[in-house]
Each structure stands twice: as C-alpha cells, then as structure tokens.
C-alpha cells in the first residue's frame, strides 16, 4: 500500500518501491495492490518490479470496466467501487500482511482496515507519509496490531513473511 503520483512521489520512495517489488518477486510472494489507472502509484511501481523478477501480482480495480493495467500482467479484480471508496475493504482483507510506503488518506484507510482486522502491518519508516508517522505505534488504546517499522525493502519483506507465517 502506498502513495499515488497525484501527491508528488519522492524519488527515494520510488526507488524503495522498486526494491520492495524485486524482493517480493524474488521470494515468490503474491503482491496484492490497488490499481489506480489515472495516476501511477508506489504499489504499481512495486508490482512492475515484482513481475520483472517473476513474481505474481493481483490488482484490485475501482469501477466496473476492464481497465488495462499498463505493462502489468496482473490478475484483475473489478470491484465496482468508486475511486477512493470501498475497494479498500476487499483489497486489505485479501492480504496476509500489509507493507506500506509513504501514504496519504487512502493508505491511512487501508492501515485502519488492517488494524481492525488484526492483519499485521509493516511500514517503511523512512518513506514519509502515514508510514513514517505511524512506525512503531498502535492506532488506538486497543493495541490490536503494533505497526512494525522496517528500515529497507529487504527487511520489510523478511518481516512480512515472518508475520504472515505466524498468523496462518
């Protein structure tokens, strides 16, 4: 999960997204993401990198048309939801672990959904946005899921795999 280009992606975050995708692809894990279509996003950048490493991707689309996912060969799920609302529930609930880079209000929504569903959350702490703000914290006094901070893509994927295996 992460920022869209409409909020001016930082080049360091773009590089981090590519590395994250490569790490996920190398491990043979499935990268699940929300495809935007009208703006590039850090999750789409990660998905392209994962596919270049032979990894598989699953794209949740907003709307009900068959959007082309540019240069991605992702499996596509059409949610019929408006952009910015509703798609986040099936997207997040289809994940064993969230890995977040940067993030605006959409990423915050996805983090909150994962938190409520007790889905582990790993954030790249140096990537700005909500990922940086929430690193190492709980969202509320319930202390359901501590948001785990990672320093780099390799550490994030290692943590995610460990967390996923502990909840499966």
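The values are calculated or read from the model by the stated rules, or taken from the named source; none is laboratory data. Given the structure is predicted, the values throughout are model-derived calculations rather than measurements. No Cβ is skipped: glycine too gets one built from the backbone with ideal geometry, and neighbour counts run over all protein chains shown.
Structural remarks
- Some residue of the range 104-112 being in a loop (DSSP other than H, G, I, E, B) and either modelled with pLDDT under 95 or more than 24 Å from residue 18 (Cβ to Cβ) (or both): yes
- Scanning the range 121-159 for residues that are under 24 Å from residue 15 (Cα atoms), touching a strand residue (DSSP E or B) at 6+ places or on another chain (Cβ under 7 Å) and outside any helix (DSSP H, G or I) yields 121, 122, 123, 124, 125, 127, 135, 136, 147, 148, 149, 150.
- Candidates 86, 102, filtered to the one that is more than 16 Å from residue 145 (Cα to Cα) and buried (at least 24 other Cβ atoms within 10 Å of the Cβ): 102
- Pairs, first on the phi > 0 side of the Ramachandran plot and free of Cβ contacts under 8 Å to residues at least 60 places away in the same chain in the range 125-143, second outside any loop (DSSP other than H, G, I, E, B) and crowded, with 17+ Cβ neighbours inside 10 Å, C-beta under 9 Å, six or more apart: 136/123; 136/148; 136/149
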